[in-house]
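Chemist: Structure incoming, see below.
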Amino acid sequence: MSRHDPKTPSRWSPDARVEGSALHVPKTSEVIARWLRRELLRSRPQPGDALPSETELRERFGVSRPTIREAVRILETQHLVKVARGAFGGARFSLPEARMVSESTGIYLQAHGTTHAELNEARIALEPRLIGFMAGKLSPEAIARLQAEVQLQGEAVDDVRAFSRAHEDFYAVLAEVCPNRLIALELLTLRDLIQAQTELVGDTWVQHAPRSRAGMVRHVEVKREVVDHLEAGRAAEAEALWTRMLEAQQRLTAEIGVGDEPIEAL
């Protein structure tokens, strides 16, 4: 005889309930949006390609117009679809951009009162490993692109704003040549966060430019050395140099008195 009491719901039966939690039953629009997302990412249309028409989707799923529109709105909030109005409008496929991650990250950090000092600490803990990962993994063409970006930054040491923009461009190139998409996304997110803070405290940096010029020259020299280490596959050396560069930036941030100020989102 089975020891299972048929009067007691099985742990895995539809009647089972988990204490402290609630079962979420997705709405029809959510199910349709999930199906469309899978199909879009499986078939890989070109950005700008049209989705099936509203009429086609209604016939396929046997649902109302508001349900289809809600499903499309879900995809729109996920940056997978752009909807144009008018005679030639409709839903079209769109590839999500890294900036959407940066914006959400920046808003979260600002809402929770994250300071410049915290951002610097996180960069020191994370960035060197991201950079070191690429050691020995980049093509000669990728190395040449990074060297060209360093050269451009070296030519901008007398213009703090141009110097900062060149620094952000270096991150963009690092992300483009990085062989790992998740690491590339992390680099782009950091670049956008840095850009937002540069705009926030730009005038303060400009006031300290005469004193920090030597530091900017050294910054460029360090980058040249880091790129050489990446080319030669010396991960530990690249990480150590990048760490020292970030620590110098952290000291300058503290010196100009913005370390305890909250960061801003894009």
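Chemist: Say R0 is 30 Å: what FRET efficiency, to the nearest 0.05, do A84 and S64 get from their beta-carbon distance? Please report the intermediate quantities before stating the final value.
Modeler: Details: r = 22 Å, r/R0 = 0.74.
Efficiency for this residue pair is about 0.85.
Chemist: Please give me, ordered by residue number, the GluC sites (Glu not before Pro) of segment 37-110 that lie in loop per DSSP and have at most 15 other Cβ atoms within 10 Å.
Modeler: E97
Chemist: Turning to a different aspect of this structure: I'd like the accessible area for L185: 1.4 Å probe, protein heavy atoms, all chains in place, Å² to the nearest 10.
Modeler: The value for L185 is about 60 Å².
Chemist: With every protein chain kept in the model, how would you rank T55, T67 by accessible area, 1.4 Å probe, largest at the top?
Modeler: Final ranking, largest accessible area leading: T55, T67.
Chemist: A further question follows. In nm, what is the difference between 0.36 nm times the number of residues separating V217 and A144 and their Cα-Cα distance?
Modeler: 24.3 nm
Chemist: Once the piece of chain linking A265 and R129 is laid out straight, how much longer is it, given 0.36 nm per residue of separation minus the C-alpha distance between them?
Modeler: On the way: separation 136, 0.36 × 136 = 48.96 nm, distance 2.45 nm.
Full-extension gain reported as 46.5 nm.
Chemist: Using DSSP to define loop residues, name the trypsin sites (Lys or Arg not before Pro) in segment 24-57 whose beta-carbon has at most 16 other beta-carbon atoms within 10 Å.
Modeler: Listed in order of number, the matching sites are K27.
Chemist: Considering only protein heavy atoms, with the full assembly of protein chains and a 1.4 angstrom probe, order S64, S102 by accessible area, largest first.
Modeler: Details: S64 55, S102 0 Å².
Sorted descending by solvent-accessible area, the residues read S64, S102.
Chemist: How many nm is it between the label spots at E103 and A232, if each spot is 7 Å from the Cα in line with the beta carbon?
Modeler: Computed distance between label sites E103 and A232 equals 4.4 nm.
Chemist: What order do W35, W242 take when sorted by accessible area (1.4 Å probe), most exposed first?
Modeler: From most accessible down to least: W35, W242.
Chemist: Under 20 Å from a point 7 Å along the Cα-to-Cβ line of A172: which residues of segment 99-127 have their amide N that close?
Modeler: Zone members listed by number: 99-106.
The values are calculated or read from the model by the stated rules, or taken from the named source; none is laboratory data. Because the structure is predicted, anything quoted here is derived from the model rather than measured. Because the Cβ atoms are built from the backbone with ideal geometry, glycine has one as well, and the counts that use them run over all protein chains shown. Side chains are part of the model used for accessible areas, which takes the heavy atoms of the whole protein and leaves out ligands, DNA and RNA. Shrake-Rupley method; radii C 1.70, N 1.55, O 1.52, S 1.80 Å.
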